[in-house]
Amino acid sequence: MDIGRTQFPFPYQPYDIQQQFMQALYSALDQGKVGIFESPTGTGKSLSLICGALSWLTDFEEKRRQETAALLQKGEVSLSSAAPSSSTSSSAEPDWITDFVQKKAERDLVSKLKDDELKRQKREERLEMIRGNAQLKYCPDEDDAGDELVEEHITKIYYCSRTHSQLAQFVHEVQKSPFANDISLVTLGSRQNLCINEEVRRLGSIQHINDRCMEMQKNKHGDPLSHINGCPREGVCGLRHLCFRLTEKQHQEDGAKRKRGPAKSTCPYNKAPALQHMRDKILGAVQDIEQLLKLGSETRSCPYYSTRLAIPPAQLVVLPYQMLLHEATRRAAGVQLKGQVVIIDEAHNLSDTLSCIYSAELTGAQLCRAHSQLTQYTHRFKSRLKAKNLMYIKQILFVIEGLIRVLGGKVGQNPQSQTTKAGTEMLTINNLLFKAGIDNINLFKLGGFVEKYAGTGMTLHPQSCSNKENRRTQGLNHYLQTLQSSRTAPVSAADQQGSLEAEKALAASPMMQVEGFFMALTSSNTDGRVVVNNQETLSESSVKFLLLNPAVHFAQILKECRAVVIAGGTMQPVSDFKQELLFSAGVGEERIVEFSCGHVIPPENILPLVLCNGPSGQELDFTFQNRDSPHMMDETGRILSNICNVVPGGVVCFFPSYEYLRRITSHWETNGTLARLANKKKIFHEPKKSNLVEQVLKDFSRCIQRCAADSGALTGALLFSVVGGKMSEGINFSDDLGRCVVMVGMPYPNIKSPELQEKMSYLDKHLPHNGGKSPGQALIENLCMKAVNQSIGRAIRHRGDYSSMVLCDRRYSRPATLAKLPAWIRDRTSTHTSFGPAFATLRKFFHERKRKQV
């Protein structure tokens with residue numbers, strides 16, 4: 001394979017595996033491949049991605065400049081040496097006509113190449129001026145500034161990850177790289193993350209923030225209905241904006257007879273010159289979201305819109321999963337993927353992420369609320385609505401009524417007082433439509449109507465709101481939100497805490513949820529299912545669209561992009577990943593490349609053990625039938641006590657579920673095991689609330705540091721955690737925080753889940769059967785081992801780190817299961833059928849580490 005480059009700019013001498021990673025990445029991007037890259041945490045994956053990808057981008061741009069210059073020179077020479085011909089071609093068409101057509105095409109090509117080269121030069125000159133802190137002039141007139149705010153998209157790399165903290169960490173790595181002063185980077189985020197207007201920020205929920213921002217944009221360019229007073233719902237009826245769009249003529253006639261109302265508030269940070277200024281500042285220096293917020297406050301310009309203006313000329317765009325993977329969000333943000341490079345990091349759960357993003361759920365309470373609000377609106381403005389729009393609204397009401405009937409409820413009654421028969425039913429999309437009696441409704445058109453009149457109204461550029469048509473389509477949800485808020489009475493501080501979940505449910509416009517569900521129902525009948533989940537009341541019952549085929553949405557990204565890189569610290573097992581997301585999306589085997597590297601740590605710094613039996617000889621079989629037995633719980637306690645006796649610092653013990661953790665610790669408290677463990681290690685529990693995780697980690701860390709300094713009876717701390725919980729991903733237990741990771745049992749998903757059963761059935765039907773197990777059975781195994789790999793990979797975080805990993809269950813010894821461990825762990829794993837030799841190996845491992853440190 002042609003590597004193309006063997007030396008890469010790097011902040012230090014790269015490890016061999018980093019060099020190999022960058023070469024493989026460069027080659028994949030150059031050849032337009034879909035790459036699956038696995039590099040364990042602690043091996044400098046982010047820096048390798050940055051330096052490999054940006055090296056390719058730099059070479060690609062230079063190569064294109066040279067090709068453009070050569071084409072320009074050739075074209076100009078050809079045009080200047082052209083001589084007219086008077087002969088006649090064999091096609092009976094005079095040669096001068098053929099020459100004219102040919103030369104015109106050449107002139108057009110040369111003209112386009114010159115134009116593109118001029119734009120590139122201007123862009124680079126402007127960037128140099130920005131980096132040199134030159135004072136640039138900006139057009140004060142927003143209408144005249146439109147051309148400056150809209151630019152062509154240059155070749156770029158889109159990097160996305162799961163969380164904003166991971167994106168911030170990536171940006172910090174870029175700042176430390178050799179490309180920090182030469183790359184134009186922009187970080188994207190939601191209004192909730194980037195808004196600096198305190199009046200808007202304090203609204204809290206993302207939906208309220210979005211709505212208020214859009215309302216201020218509309219006010220900025222003039223509210224067409226601001227002159228209409230006297231409406232009975234003035235001040236609470238945001239549907240005035242829908243009234244304008246649906247009954248424009250009538251409102252204009254009424255408005256001419258009424259006096260102008262008070263001025264509406266606008267956002268002081270949404271000014272064209274300030275946005276242009278901040279856009280240039282963003283392109284001139286690599287900045288994370290915190291720095292963008294500070295810059296926005298200093299320049300009094302909106303980071304949310306400034307970052308979007310910076311997308312076209314940026315070379316590296318950093319953005320969260322949702323903004324890249326969800327087509328509507330991607331389109332609204334101005335992200336264009338045609339011919340670009342996409343890097344998806346932390347992609348071990350990419351399939352599940354896509355399924356979650358494109359799933360949609362409506363509760364009975366939301367359906368009833370949406371029906372009530374639309375009905376109120378229709379009654380109030382029925383005489384003013386255009387016939388076509390009235391028809392669509394009646395169709396929406398009809399569909400909502402059908403969905404309420406599916407849940408066993410009735411329209412017009414309080415959903416909290418309507419009781420339903422509890423149970424779960426799985427339906428195909430077609431079966432749901434027939435059951436609801438809405439199979440004759442065109443959901444494509446209806447969904448488009450709801451999106452246009454009740455959507456978020458997101459626009460790429462705030463200036464585009466001056467366009468009359470865009471003003472008309474800014475949002476039915478304003479009315480629905482205000483109807484909702486007008487019925488919400490003030491509550492005390494005590495009640496606020498207790499009604500947090502209810503407030504969360506009310507935060508989103510019901511029509512936004514309706515729109516999402518309508519669009520989900522336009523999926524292919526085979527690609528999804530609808531779960532009808534009846535609870536005791538209609539209010540708590542729900543209909544949920546479950547996406548079974550995430551490849552249908554990932555296919556567009558794979559088709560449009562020049563190259564796609566799917567990266568992670570632990571990508572194993574990849575077989576199901578390739579089959580479900582790549583092959584099913586039409587990607588051929590020849591376009592896929594895989595790269596997996598070992599760890600940078602020496603082999604002697606890691607000790608993975610599989611325990612088949614405990615200290616008393618009890619077989620470790622944590623199947624659902626056996627794990628609750630007192631003998632199994634006692635044996636687990638004895639294993640953990642022995643481990644805590646020889647392992648210094650921190651021990652992290654993962655359990656398959658919160659419920660099992662509760663039961664086993666309750667048993668240990670009764671029989672004295674918990675007290676014995678507490679004599680050696682201070683015990684910490686994973687908190688149930690996410691906002692307490694950081695504090696628990698701080699206390700856990702401080703305890704370990706204090707024990708190391710005191711050299712007393714306590715040798716460290718023991719943390720009880722849950723696989724797939726708050727501490728199994730994204731948390732680093734480096735050095736003394738995680739000298740041993742214990743995995744109790746195998747965390748298989750709940751096989752009785754209707755959604756999981758439907759997914760298994762879908763895979764069995766649509767994917768090829770390779771080997772002994774069906775695709776559905778393979779899914780169960782892979783979900784389990786992916787969770788295990790994420791948990792045990794928390795400990796080793798850098799080259800000098802060391803740790804042991806103890807897998808407590810005889811099932812880990814199966815060759816097929818061992819094969820699903822990451823290679824750098826699998827190659828060093830030893831299986832023990834008796835506890836004595838395993839414990840001796842563990843004790844020797846830490847004795848040698850202690851001796852080397854002396």
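The values are calculated or read from the model by the stated rules, or taken from the named source; none is laboratory data. It should be emphasised that the depicted structure is a prediction, and the values quoted were computed from it without experimental measurement. Cβ: placed from backbone, ideal geometry, glycine included. Neighbour counts: every protein chain shown. For the accessible areas, the whole protein counts, side chains as well, though only heavy atoms, and no ligand, DNA or RNA atoms are used. Shrake-Rupley method; radii C 1.70, N 1.55, O 1.52, S 1.80 Å.
Kirkwood Rh, Cα Rg: Rg to Rh for region 266-321?
Checking Rg against Rh, the ratio lands at 0.94.
What part of the accessible area of region 549-674, given as a whole %, is carbon or sulfur when the probe is 1.4 angstrom? If you can, show how the numbers build up before the last one.
Values: 2290 of 4550 Å².
C and S atoms contribute 50 percent here.
Need one number: nm distance between label points at Ser834 and Ser701, each 7 Å from Cα along Cα→Cβ, rounded to one decimal.
According to this spin-label approximation, the distance is 4.3 nm.
Using θ = phi - 60° and the Karplus curve 6.51 cos²θ - 1.76 cosθ + 1.60, what whole-Hz ³J(HN,Hα) does each residue of region 203-212 get, with Gly and Pro shown as x?
5, x, 6, 5, 5, 5, 5, 4, 4, 5
From the phi of every residue in region 398-415, what ³J(HN,Hα) in whole Hz does the Karplus formula 6.51 cos²θ - 1.76 cosθ + 1.60 yield, where θ is phi - 60° and glycine or proline is x?
Listing the rounded values in order: 5, 5, 4, 4, x, 5, 5, 5, 4, 7, x, x, 10, 6, x, 10, 4, x Hz.
Let me know the charge dipole size of region 268-415 about its Cα centre in debye, to the nearest 20, where only the beta-carbon of Lys, Arg (+1) and Asp, Glu (-1) is charged.
1180
Could you sort 12-25, 756-769 so that the peptide with the highest average Cβ count within 10 Å comes first and the rest follow in order?
12-25, 756-769
Given H placed on each backbone N at 1.01 Å, which residues far from Val742 in sequence or on other chains put an amide H within less than 5 Å of it?
Residues meeting the amide H criterion: Val652, Cys653, Phe654, Val806.
Within 13 Å, Cβ to Cβ, of Ala713, how many net charges do the neighbouring residues add up to if Lys/Arg are +1 and Asp/Glu are -1? Walk me through the numbers on the way to the answer.
Values: positive: Arg676, Lys680, Lys681, Lys682, Arg706; negative: Asp710.
Neighbour charge sum, excluding Ala713 itself: +4.
What's the carbon and sulfur percent of region 715-854's accessible surface, probe 1.4 angstrom, rounded to a whole number?
Reported share for carbon and sulfur atoms: 52 percent.
Want the number for Arg126 to Lys559: 0.36 nm per residue separation, take away the alpha-carbon distance, what's left?
Net length gain for the segment: 152.6 nm.
Determine the principal axes of the Cα atoms in region 519-613, then give the extent along each, sorted from largest to smallest and rounded to whole angstroms.
So the three principal-axis extents are 60, 47, 20 Å.
Could you do me a favour and compute the accessible area per residue for region 641-760, 1.4 Å probe, result in Å²?
About 45 Å² of surface per residue is accessible.
State in Å² the accessible area per residue of region 406-456; use a 1.4 Å probe, count heavy atoms of protein chains only, and round to the nearest integer.
54
Need the C-alpha centroid separation for region 194-214 versus region 741-768, integer Å.
Value for the Cα centre distance between the two parts: 40 Å.
Would you rank Trp824, Trp56 by solvent-accessible area, highest first, keeping every protein chain in place and using a 1.4 Å probe?
Solvent-accessible surface, decreasing: Trp824, Trp56.
Can you give the Kirkwood hydrodynamic radius for region 601-670, in Å, rounded to one decimal and based on Cα pairs?
13.6
Amide H to amide H, which residues 5 or more places from Gly716 or on other chains are under 5 Å from it, using H placed in the peptide plane?
Lys682
Quick check: Cα centre of region 598-658 to Cα centre of region 569-588, how many Å?
32
Run the simple label-point estimate for Gln413 and Lys386 please: 7 Å along Cα→C-beta, distance reported in nm.
According to this spin-label approximation, the distance is 3.9 nm.
Once you list every other residue whose beta carbon is under 14 Å from the beta carbon of Ala567, what net charge do they have if Lys and Arg are +1 and Asp and Glu are -1?
Working: positive: Lys33, Lys45, Arg162; negative: Glu38, Glu173, Asp345, Glu346, Glu594.
In short, -2.
Sort 701-710, 404-413 by packing, meaning the average of other beta carbons within 10 Å per residue, with the highest value first.
Highest-to-lowest ranking by the protection proxy: 404-413, 701-710.
What's the extension gain from Ser205 to Gln169 if we count 0.36 nm per residue and subtract their Cα-Cα distance?
10.4 nm
Starting at the first residue of region 341-351, write each ³J(HN,Hα) from the Karplus equation 6.51 cos²θ - 1.76 cosθ + 1.60 with θ = phi - 60°, in whole Hz, x for Gly and Pro.
In residue order, the calculated couplings are 10, 10, 10, 10, 9, 6, 9, 5, 10, 4, 4 Hz.
Of all the C-alpha pairs in region 510-557, what % are more than 15 Å from each other?
55
For Cys302, list long-range residues whose amide hydrogen, built 1.01 Å from N in the peptide plane, is under 5 Å from its own amide hydrogen.
Result for Cys302 returns Lys271.
Quick one: if you stick a label point 7 Å off each Cα along the C-beta vector at Arg300 and Ser711, how many nm between them?
Output for this residue pair reads 6.3 nm.
Considering only C-alpha atoms, what is the centroid distance from region 691-731 to region 794-814, in Å?
Result: 18 Å between the Cα centres.
Of the listed peptides 353-361, 718-726, what is their order by residue-averaged count of other C-beta atoms within 10 Å, with the highest listed first?
For the peptides 353-361, 718-726, the packing ranking is 718-726, 353-361.
With all protein chains present, how much of the accessible area of region 286-434 (probe radius 1.4 Å) comes from carbon and sulfur, to the nearest whole percent? Present the calculation step by step, with values, prior to reporting the outcome.
Details: 2910 of 5820 Å².
The value for region 286-434 is 50 percent carbon and sulfur by accessible area.
Count the net charge of all other residues whose Cβ sits under 12 Å from the Cβ of Tyr748, scoring Lys and Arg as +1 and Asp and Glu as -1. All intermediate terms of the calculation are to be shown ahead of the outcome.
Details: positive: Arg627, Lys752, Lys786, Arg811; negative: Glu781, Asp809.
Summing Lys/Arg as +1 and Asp/Glu as -1 gives +2.
How big is the shadow of the Cα convex hull of region 378-426, averaged over all directions, in nm²?
4.6
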